[in-house]
């Protein structure tokens, strides 16, 4: 079903609508702002921490997790958690924006059913602003890079989506592979570059990283090269591997890697500045099963959990897990771009690259 390529702006409008929604009842608002009854559990650092956490979680018996990670990847992880600890996972999976919407709706109604979250960074930041999350501690923090933590530390990245280029090795010669963003402006790439339709936040972050004047000048020239615009990072990787698009300027490197390890003629490469979107884990401020919530976050950030994420061909945040998918300098896209500055950057992005065209949707 064809639809306007500006679909991704609806996601950001949803973020804004949720945050600006009907005021919470006064009693609920006070409860959200008050100190959490679970804080002592979440921040405990005693020598018997793990013993107490496991015992408490087994007594609670189950943990309710809301996630945006697709079921083919999230189910093997939750099954491993259940086998290890004997704690049942009640998994609810939907897109990040729907996880946000449900979580905020439940909290504003005074219903606290969820224990832990694993969703995209902007939606997690929105939940933080709604005071749905609590700061927590895990000894696995020592294995994480600084980029995994927001300043307020109410969630932490458990995996990354990195924006890199990718190219078809049958169509792009080794000496033609770009080494910088400026190399994308070479005449050979006119009409041969792919761009993902919803990546206006990557665009904004890259412009800021280059300096606004220089960055906007670069993207105006890139737009003049008539890039092919498609919806879906998975689709973009498939189009590069098939040769329909020789080179993609915005691709998640793990999507290219999945095809590469299967023998497809595709390679990826980071250009500076390289930006990523975090997917993060957090514990609910008013979780009815706080021990299980924290134990799940512990597991996801542990060496075992991070290796499971790696085994699903995704990018684990832990530096203790060896993967080439994060061995380059990178920065995280500031969630302010998505939550507070979306209108500005979407307007420029649309004017440059979209121009009302329609594409055929394919889900990631």
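When segment 247-267 is filtered for residues that are in contact with a strand residue (DSSP E or B) (Cβ under 8 Å, 6 or more places away or on another chain) and more than 23 Å from residue 121 (Cα to Cα), the ones remaining, listed by number, are 247, 248, 259, 260, 265, 266, 267.
When the residues of segment 58-76 are filtered to those that are more than 20 Å from residue 279 (Cα to Cα) and touching a strand residue (DSSP E or B) at 6+ places or on another chain (Cβ under 7 Å), which remaining residue is surrounded by the most Cβ atoms within 10 Å (Cβ to Cβ)? Walk me through how you get there before you give the answer.
Within segment 58-76, the first condition is being more than 20 Å from residue 279 (Cα to Cα), and the residues that meet it are 58-62.
Right, trim to touching a strand residue (DSSP E or B) at 6+ places or on another chain (Cβ under 7 Å) and you get 61-62.
Working: 61: 11, 62: 15.
In this case the residue turns out to be 62.
Would you confirm whether any residue within segment 100-110 is out of contact with any helix residue (DSSP H, G or I) (no Cβ under 9 Å at 6 or more places or on another chain) and closer than 16 Å to residue 288 by Cα? Checked against the condition, which is being out of contact with any helix residue (DSSP H, G or I) (no Cβ under 9 Å at 6 or more places or on another chain) and closer than 16 Å to residue 288 by Cα, segment 100-110 yields at least one hit.
For segment 237-338, please list each of the strands (runs of 3 or more DSSP E) lying entirely inside it that holds at least 2 residues being assigned by TED's automatic domain parsing to the domain that holds residue 120.
Working: elements: 247-252, 266-269, 275-284.
Fully inside segment 237-338 and qualifying: 275-284.
Starting from residues that are over 18 Å from the mean Cα position of the chain (by Cα) and at pLDDT 95 or above, keep the ones in segment 266-285 and report whichever is farthest from residue 254 (Cα to Cα). Selected residue: 285.
The values are calculated or read from the model by the stated rules, or taken from the named source; none is laboratory data. This structure is a prediction, so every number in the text was calculated from the model and none was measured. Positions of Cβ are generated from backbone atoms using ideal geometry, with glycine treated the same way; all protein chains shown enter the neighbour counts.
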